[in-house]
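One structure below.
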Amino acid sequence: MSKVTSQAQLRELREKYAAAMLLRDTPEIPVTSTEKSDGIAKKHVLLCTDTGCEAAEGSKIYDTFISELKANGIEKEVNVIKTGCFGFCKQGTCVKVFPEDVSYVMVTSNDVPEIVSSHLKNDEHVERLLFKDPITNELIHTQHEIPFYKGQVRIALRNCGLIAPTSIDEYIAQDGYEALSRSIFEMEPKEIIDKVKAANLRGRGGGGFPAGDKWESTARAVGEKKYVICNGDEGDPGAFMDRAILYGDPHSVLEAMAICGRAIGADEGVIYTRAEYPKAVKMLNAAIKQAEERGLLGDNILGSDFSFKISVTLGAGAFVCGESTALLNSAQGQRGEPRNKPPRTADKGLWFKPTSLNNVETFACVPPILIKGADWFKSIGTENSPGTKIFALAGKINTVGLIEVPMGITIREIVENIGGGVKDGKKLKAVQTGGPSGGCIAADGIDIEVDFDSLDAIGSMMGSGGMIVLDEDDCMVNVAKFYMDFIVEESCGKCTPCRVGTKRMLEILERITDGHGTEEDLVELENLSEVIQNTSLCGLGQSAPNPVVSTLKYFRDEYIAHVRDKKCPAGACTNMTSFRIIADKCIGCTVCAKVCPVSCISGELKQPHVIDQEKCVKCGACVDKCKFAAIVRE
Amino acid sequence: MTENTCQDHGQLKEIDEFIDQLAKQGSLDGKLIAILHKAQEIVGYLPDEVQAHIARRLSMPPAKVNGVVTFYSYFSTVPRGKYVVNICMGTACFVLGADKILEEFSKQLGIEPGQTTPDHMFTLNALRCVGACGLAPLAVVNEKLYGKITIDDVKKIIEEYKEGGVGNE
């Protein structure tokens, strides 16, 4: 790979590769080129290879494509490209064919011969693999017609599922490294910062702190050596957008970090990410090597006097390391305990040198802002939260996946339109955002417009972007207990309120879900929450009580039912649940008696059965097996 | 993996080689976690001898190394089974019944989460989040992912890895 040593050379390279990319041009994600392609492959098959899609068969689908194309003699006419996440995770493995932009879902290696012989060879779409609209039952051919993608706006995920992350050339073809070249040759550091400030790009890690302000403080901080850190320690359970970007479009982060380095006067960047993401780490390291070989990272980037190098540091499984000062300690090879502030990270960060620390998604937004301008960015989203946000939509929802939506969209639009509604036709109970630091939005509040400030105002938070949909079967006390259990495990133990207080809160929640809670317990929960919020050192501790506080606020009657009536309205807390056979409905088929693991159901054949409440372990196996809805959970 | 806590010299030598290689690239400051990752990859876990050895090489008190080892959930100070069964307990998996799946694995294997079977075949763990929420609930055995699993699948998955099974190494 030859080095690119000037801005002109970079642009030449872009034109060269952009022609091939034109095949993947769609109205939603326009590829940037001026020339039409000819003489290159006639079709591109895009294949998601991120963690979810590759789980089932590994590289078997790809291998089958390659061998089938050869068998049909069209291997030169069709390119098969391994990409990052399409976001449509519930429907994996996803395969797209360009230029038609046809999406196939739930593809297995057994389907590949048909795709090759019908579609790739004879242009006949394989209808049985198309996405079927769950409401209208219509077959949908192209991705942009699928409801899940309508209403999405892709900025940070612009290249995910569109380019081969292993190819720096495809990234360059998509205007890649153009923003870096402009920031080196056409802009002063102050102009870069001013532009990021003007765009009001706020931290996508959850805090929402303006990135431009961080860059400015670090630029002003006194010191020869400065660092840029990318926070890729995505610890929020149920969120995977950072991994999707690091795996699906690693260069967008590398480029943005170099831009930040140029803006603040740093020559070194560190990406701190999770050891649990081996595929993303491998991809990142490969991308760094490519960028160095191309002369887009390392010494004298693009022939200028600006030098910037990036390395990857792995965490070792600690949620608290997502907190910026804990991350700094961990990146120094120490226990990931938070530091006192001040001094601010901008003044004394990594190795106590001035450091700008931003999240993966924040960085990914930077290159488009530099190219398209602050006004463009501000035209998307809300006034105080411009741009988009990525959410990992999961839980009791029809379409689980990764979505990028403009700020200001309502939760209702996300759940009903993009997510296709609540699973199994159940009733929506709440939507949880912000993970263990966030809170719940009750079903009657889902018309709220999502942005940093609106979510804060109702006691939830944006967080890194986990969005968990809960239905009528979910017990809110149990959900709060789940998060508290997480926090107790992950509290680093430095401050007493967090270390001891969260443990006490968990004990109370366990008592309540076991059926031994009292009304005084609810008061005690509130008292503990207040103390922990006010006296913990870091963000983890300060926000730890949020799931309890918000569920107490919006679902107090559910807590009351647990402590006063000793009932779990959702039927999720087994200690407070009992199973009963309705004699009128039971036909005596004996299926329940056979499935019961403790043999506590008795009765004659064709006679109503009875459950021995003393012996019942409340596993619920009988309910699931009864075809006559004769067993009730109470 | 060796069960003998007295590490064979080959493994310590491999760790030393890694440290030497890092030292050539620059300062060893801040490299402790990276070294521990490598050591665990080589030995399978981080027994006291290995921790003490690393402490000597980095000229730091063993207590400091131990402090780091015990801080992070990724590091283990006890030997783990040939197959590490991780059940994702991320929120998406949790609301779709991952706790019941974990319970079933626990029952089938006869061990609590965090423990290893006496024959050193299986270790059972709860994992935070793999980020494959579309496949919830899911289990990871070594590197292999099993998605959308039901209680009934648990036995089948374990069978795959039992003596004579077809589990991938």
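For B:Gln40, indicate whether it is within 14 Å of chain A (Cβ to nearest Cβ) and within 23 Å of A:Cys321 (Cβ to Cβ). Give the steps one after another, and end with the answer.
Values: within 14 Å of chain A (Cβ to nearest Cβ): yes; within 23 Å of A:Cys321 (Cβ to Cβ): yes.
Here the answer is yes, as B:Gln40 does meet what is asked.
Identify the residue in segment A:168-186 that is part of a loop (DSSP other than H, G, I, E, B) and touching a residue at least 24 places away in the same chain (Cβ under 8 Å) and, among all such residues, is farthest from A:Ile380 (Cα to Cα). Spell out how you get there, then give the answer.
Start the filter on segment A:168-186 by keeping residues that are part of a loop (DSSP other than H, G, I, E, B), which leaves A:174-177, A:186.
Retained after the next criterion (residues that are touching a residue at least 24 places away in the same chain (Cβ under 8 Å)): A:174-177.
On the way: A:Gln174: 21, A:Asp175: 20, A:Gly176: 22, A:Tyr177: 23 Å.
The residue in question is A:Tyr177.
Identify all residues within segment A:552-581 that are small (Gly, Ala, Ser) and at pLDDT below 95; write none if there are none.
Quick first cut of segment A:552-581, residues small (Gly, Ala, Ser) only: A:561, A:570-572, A:578.
Passing the criteria: A:Ala570, A:Gly571, A:Ala572, A:Ser578.
Sort out which residues of segment B:134-168 are modelled with pLDDT of 85 or more and aliphatic (A, V, I, L, M), and write them in order of number. Explain how you work it out, then say what you get.
Step one: list which residues in segment B:134-168 are modelled with pLDDT of 85 or more, which gives B:135-142, B:144-162.
The answer is B:Leu135, B:Ala136, B:Leu138, B:Ala139, B:Val140, B:Val141, B:Leu145, B:Ile149, B:Ile151, B:Val154, B:Ile157, B:Ile158.
Being surrounded by fewer than 21 Cβ atoms within 10 Å (Cβ to Cβ) and part of a loop (DSSP other than H, G, I, E, B) is the filter here, so list the residues in segment A:187-200 that pass it.
A:Met187, A:Glu188, A:Asn200
Quick check on this structure: which one of B:Asp29, B:Asp48, B:Asp99 is more than 9 Å from chain A (Cβ to nearest Cβ), of a type in the set (Asp, Glu) and surrounded by fewer than 18 Cβ atoms within 10 Å (Cβ to Cβ)? Reasoning before the result, please.
Numbers: B:Asp29 fails: more than 9 Å from chain A (Cβ to nearest Cβ); B:Asp99 fails: more than 9 Å from chain A (Cβ to nearest Cβ).
Step by step, each of B:Asp29, B:Asp48, B:Asp99 is checked, and only B:Asp48 is more than 9 Å from chain A (Cβ to nearest Cβ), of a type in the set (Asp, Glu) and surrounded by fewer than 18 Cβ atoms within 10 Å (Cβ to Cβ).
Does any residue of segment A:110-127 turn out to be aliphatic (A, V, I, L, M), more than 21 Å from B:Gly134 (Cα to Cα), modelled with pLDDT of 95 or more and in a loop (DSSP other than H, G, I, E, B)?
Yes; the residues of segment A:110-127 include at least one that is aliphatic (A, V, I, L, M), more than 21 Å from B:Gly134 (Cα to Cα), modelled with pLDDT of 95 or more and in a loop (DSSP other than H, G, I, E, B).
Taking into account only those residues within segment A:325-368 that are free of Cβ contacts under 8 Å to residues at least 12 places away in the same chain and either of a type in the set (A, V, I, L, M) or more than 14 Å from chain B (Cβ to nearest Cβ) (or both), which is nearest to B:Ile35 (Cα to Cα)? Spell out how you get there, then give the answer.
Step one: of segment A:325-368, the residues free of Cβ contacts under 8 Å to residues at least 12 places away in the same chain are A:329, A:333-334, A:342-343, A:348, A:352.
The next check asks that each one be either of a type in the set (A, V, I, L, M) or more than 14 Å from chain B (Cβ to nearest Cβ) (or both); those that pass are A:342-343, A:348.
Numbers: A:Pro342: 31, A:Pro343: 30, A:Lys348: 26 Å.
So, considering only residues that are free of Cβ contacts under 8 Å to residues at least 12 places away in the same chain and either of a type in the set (A, V, I, L, M) or more than 14 Å from chain B (Cβ to nearest Cβ) (or both), the one nearest to B:Ile35 (Cα to Cα) is A:Lys348.
Among the numbered criteria (1) facing chain A (nearest Cβ under 9 Å); (2) of a type in the set (Ser, Thr, Tyr); (3) within 24 Å of A:Cys573 (Cα to Cα), which single criterion is violated by B:Ser106?
In the conditions (1) facing chain A (nearest Cβ under 9 Å); (2) of a type in the set (Ser, Thr, Tyr); (3) within 24 Å of A:Cys573 (Cα to Cα), B:Ser106 misses (1) alone.
Residue-wise test of (1) surrounded by fewer than 16 Cβ atoms within 10 Å (Cβ to Cβ); (2) farther than 30 Å from A:Lys625 by Cα.
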| position | (1), (2) |
| --- | --- |
| B:Val78 | yes, yes |
| B:Val95 | no, no |
| B:Glu103 | no, no |
| B:Ile111 | no, no |
| B:His120 | yes, yes |
| B:Gly134 | no, no |
| B:Asn142 | yes, yes |
| B:Ile149 | no, no |
| B:Asp152 | yes, no |
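Anything in segment A:369-391 that is aromatic (Phe, Trp, Tyr) and touching a residue at least 12 places away in the same chain (Cβ under 8 Å)? List them, or say none.
Just the residues of segment A:369-391 that are aromatic (Phe, Trp, Tyr), to begin with: A:376-377, A:391.
A:Phe377, A:Phe391, listed by residue number.
For A:Gly421, are the conditions met, namely being away from chain B (no Cβ under 12 Å), crowded, with 24+ Cβ neighbours inside 10 Å and either touching a residue at least 12 places away in the same chain (Cβ under 8 Å) or not aromatic (Phe, Trp, Tyr) (or both)?
Values: away from chain B (no Cβ under 12 Å): yes; crowded, with 24+ Cβ neighbours inside 10 Å: no; either touching a residue at least 12 places away in the same chain (Cβ under 8 Å) or not aromatic (Phe, Trp, Tyr) (or both): yes.
For A:Gly421, the condition - away from chain B (no Cβ under 12 Å), crowded, with 24+ Cβ neighbours inside 10 Å and either touching a residue at least 12 places away in the same chain (Cβ under 8 Å) or not aromatic (Phe, Trp, Tyr) (or both) - is not met.
Could you tell me whether any residue of segment B:58-71 is of a type in the set (Lys, Arg), away from chain A (no Cβ under 14 Å) and outside any loop (DSSP other than H, G, I, E, B)?
Checked against the condition, which is being of a type in the set (Lys, Arg), away from chain A (no Cβ under 14 Å) and outside any loop (DSSP other than H, G, I, E, B), segment B:58-71 yields no hits at all.
Which ranges mark the helices (runs of 4 or more DSSP H) fully within segment A:201-319 that have 3 or more residues being surrounded by fewer than 24 Cβ atoms within 10 Å (Cβ to Cβ) and away from every other protein chain (no Cβ under 11 Å)?
Those helices (runs of 4 or more DSSP H) span A:211-220, A:278-293.
Please note which helices (runs of 4 or more DSSP H) are completely contained in segment A:1-84 and include at least 2 residues that are at pLDDT below 90 and more than 14 Å from every other protein chain (Cβ to nearest Cβ).
Details: elements: A:7-21, A:51-54, A:60-71.
So the answer is A:7-21.
Among the residues of segment A:42-95 satisfying the criterion of being of a type in the set (Gly, Ala, Ser) and more than 15 Å from B:Gly134 (Cβ to Cβ), which is surrounded by the fewest Cβ atoms within 10 Å (Cβ to Cβ)?
Pass one, segment A:42-95, residues of a type in the set (Gly, Ala, Ser): A:52, A:55-56, A:58-59, A:67, A:71, A:73, A:84, A:87, A:92.
When the remaining residues are screened for being more than 15 Å from B:Gly134 (Cβ to Cβ), the result is A:58-59, A:67, A:71, A:73.
On the way: A:Gly58: 15, A:Ser59: 13, A:Ser67: 14, A:Ala71: 12, A:Gly73: 9.
Result: A:Gly73.
May I ask you to list the residues in segment B:109-149 that are closer than 26 Å to A:Phe391 by Cβ and more than 10 Å from every other protein chain (Cβ to nearest Cβ)? Explain how you work it out, then say what you get.
Step one: list which residues in segment B:109-149 are closer than 26 Å to A:Phe391 by Cβ, which gives B:126-140, B:145-149.
Answer for segment B:109-149, where residues must be closer than 26 Å to A:Phe391 by Cβ and more than 10 Å from every other protein chain (Cβ to nearest Cβ): B:Pro137, B:Ala139, B:Ile149.
The values are calculated or read from the model by the stated rules, or taken from the named source; none is laboratory data. It should be emphasised that the depicted structure is a prediction, and the values quoted were computed from it without experimental measurement. We place every Cβ from the backbone using ideal geometry, glycine too, and count neighbours over all the protein chains shown.
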